[in-house]
1. In whole angstrom, how far apart do the alpha carbon centroids of segment B:1-56 and segment A:11-54 sit?
2. Just the number, please: percent antiparallel of the DSSP beta bridges in the protein assembly as shown, rounded to the nearest 5.
3. Hey, what number do you get for chain A at 222 nm if only DSSP H runs of n ≥ 4 count, each worth -39500 (n - 2.57), divided across all residues, to the nearest 500?
4. Cα axis of helix A:123-148 to longest principal axis of chain A: angle in degrees, 0 to 90, nearest 10?
5. Please work out the Kirkwood hydrodynamic radius for segment A:10-143, using every pair of different C-alpha atoms, and report it in angstroms with one decimal place.
6. How high is the relative contact order of segment B:1-69, in percent, with contacts defined as C-alpha pairs under 8 Å that are six or more residues apart?
7. If the only charges are +1 at each Lys and Arg Cβ and -1 at each Asp and Glu Cβ, what is the size of the charge dipole of chain A around the Cα centre, to the nearest 20 debye?
8. Just need the relative contact order of chain A here, percent rounded to a whole number, with Cα pairs under 8 Å and 6+ apart.
Amino acid sequence: MEIPDELYREVILDHYRSPRHHGKMEKPDVLEWGKNPLCGDELELYLTVNGDKITDLKFDGKGCSISQASASMMTEAVVGKSLAQVKAIVSDFKGMMMEGKPADALPDDLEDAKSLEGVQKYPVRIKCALLSWNTLLEALKKLESRKAA
Amino acid sequence: MGSIHPHDLGTVLDEDGIAVRAGHHCCQPLMRRFGISGTTRASFYIYNTEQEVDKLAHSLERAKTLFDACAPGTFKVQESPKPASEPSKKTQKK
């Protein structure tokens, strides 16, 4: 009868109760929506991009503690990074969540996100943790297709 | 249960070996009508015992302690939680 410490670590609850970069943006360069129809989680992701860098991003939405905390951790990990760096960070995170790569191997940018390692043991919750990261990838795709046009 | 998300509640109960259903229950239009993202549903049947009901209540209290102060933007410092009484022991004393 112990609290599932591994899943609900203090750092996760901290991001849940005080999410970083939370809110909307007046004039984002990219706005992308993410939705998880199975559990009803919804996410809006706003990006400000300057040249090759994500200079600011915000998220808004509703969902469980895992999805909200994960989104908050993601914003901290990628703000100020180049698009190539962001892709690498997302790939590292998804590697941990989906392929079971060890959290210790993750770069320092993902320090807080390492705490989501315990979610691996709850297969139905993995998609909660991935919603924001997949939405970010979609936003980058949108940005690239716009650049290419 | 306040603002605890159904899936968070479901996971905490699951940790205690209690099976509930959480989420939309395949009724998205109804949930939209109520303006909620889902519910957590505990169902009983003839094979459930009184002890199991106590266990559920105990587990709900635990979830509340874990999440009560955690709704986004409403964080308040929580007093050290009083240890919830162990329902099975209570029953034994009787």
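The values are calculated or read from the model by the stated rules, or taken from the named source; none is laboratory data. Treat the numbers as computed from the prediction; the structure is a model and nothing was measured. Cβ coordinates were reconstructed from backbone atoms using ideal geometry, including for glycine residues, and neighbour counts include every protein chain displayed. Just so you know, the surface numbers come from the protein's heavy atoms only, side chains and all, with ligands and any DNA or RNA stripped out. Shrake-Rupley method; radii C 1.70, N 1.55, O 1.52, S 1.80 Å.
1. Their Cα centres are 28 Å away from one another.
2. Percentage antiparallel, nearest 5: 95.
3. Value at 222 nm, helices only: -14500 deg cm²/dmol.
4. 10 degrees
5. Hydrodynamic radius (Kirkwood, Cα only) of segment A:10-143 equals 14.5 Å.
6. Reported as a whole number, the value is 41 percent.
7. The calculation lands at about 580 debye.
8. 26 percent
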